[in-house]
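Read through the structure below, which is laid out as structure tokens, and then see the notes.
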Amino acid sequence: MSHQDADIQRALRGLEHGDSSVRLRAALAVGTTPDPRLVDKLVERCAIEPEFYVREMLTWALTRHPASVTVPKLVDELRPERAARRRGGPAAGRAERTRARSQALHTLSKIGDGRAWPAITRELLTDPDDEVARSAWRAAVVLVPEGEEPGLAGVLATQLGRGGRETQLSLSRALIALGEVSTPVLRAATTDPDPRVRQHAIATQRLADDPDAGFEFAIEEAKRVVALGRTSQEG
């Protein structure tokens, strides 16, 4: 076995080690000395790695490899049928599918290669799992091609009012990051029949106008506005 092959085998063992600190060091080593032969293993580990900080190091290691190699494999992780090939029972399959898709989306956003944009589908942007949807929103804002921003803003606006504070803040940040193209959809949402949608839209407008105010303050102010029956269109 050559010295290089021995290094590959050592890295593979490290990435599968039972000790998370060993897995972390292995991911760091792979990113420090990239080798395309390890990309499959890095993607596989992203899907099943339980520790957040190790997943972040795996993502970093993937960003160190050529996008032409990593992007197609990460896009493959987003396909629904991919989860059916993963081991474990139904519950484990759901958990792994969520982790695999959310981490693949997160990694694609870090790589920032526009070739991944077609994989950011409406289905992902409206995924019922909040973790997957949040990752899709962040990736979409990074990857959206010039001219596609209004359409993306329109899809994101359909998710206003969804979930808890963390999910709502993620969506607000995505809409704000898109800039002026979000203004019309937010304005329209301030008259939505659903009070949660109205509150979220108004809070997003407030946060865009004053980022230092904080999301909690913006939400509480939006609740008061909705309770009083006023919208941004009414002044």
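The values are calculated or read from the model by the stated rules, or taken from the named source; none is laboratory data. Computed from a predicted structure; not experimentally measured. So basically every Cβ, Gly included, is an ideal-geometry build from the backbone, and we count neighbours across all protein chains shown. Just the protein is used for accessible areas: all its heavy atoms, side chains included, with ligands, DNA and RNA removed. Shrake-Rupley method; radii C 1.70, N 1.55, O 1.52, S 1.80 Å.
Once the 1.4 Å probe is applied to the protein heavy atoms, the stretch 96-235 comes out at 47 Å² accessible per residue.
Along each principal axis, taking the top coordinate minus the bottom one, the Cα set of the stretch 148-235 gives 36, 24, 23 Å in descending order. Counting Lys +1, Arg +1, Asp -1, Glu -1, what net charge surrounds Leu207 among other residues with beta carbon under 13 Å of its beta carbon? Neighbour charge sum, excluding Leu207 itself: -3. Cα centroid separation, the stretch 200-224 to the stretch 167-192: 11 Å. Estimated at 0.36 nm per residue, the fully extended path between Glu148 and Val181 surpasses their Cα-Cα distance by 10.9 nm. For the pair Thr158 and Thr32, label points projected 7 Å from Cα toward Cβ lie 4.7 nm apart. Each Lys or Arg adds one and each Asp or Glu subtracts one; over the other residues with Cβ under 15 Å from the Cβ of Arg37, this totals +1. Translational diffusion coefficient of the stretch 91-220 (Stokes-Einstein, Kirkwood radius from Cα pairs, 37 °C, 0.692 mPa s): 220 µm²/s.
For the stretch 136-235, applying the loop criterion from DSSP together with a ceiling of 15 other beta carbons within 10 Å to the GluC sites (Glu not before Pro) yields Glu146, Glu148, Glu234. Can you tell which of Ala213, Leu42, Gly112 lies farthest toward the positive end of the dipole of the chain, using +1 and -1 charges on the Cβ of basic and acidic side chains (Lys, Arg; Asp, Glu)? Towards the positive end, the residue furthest out is Leu42.
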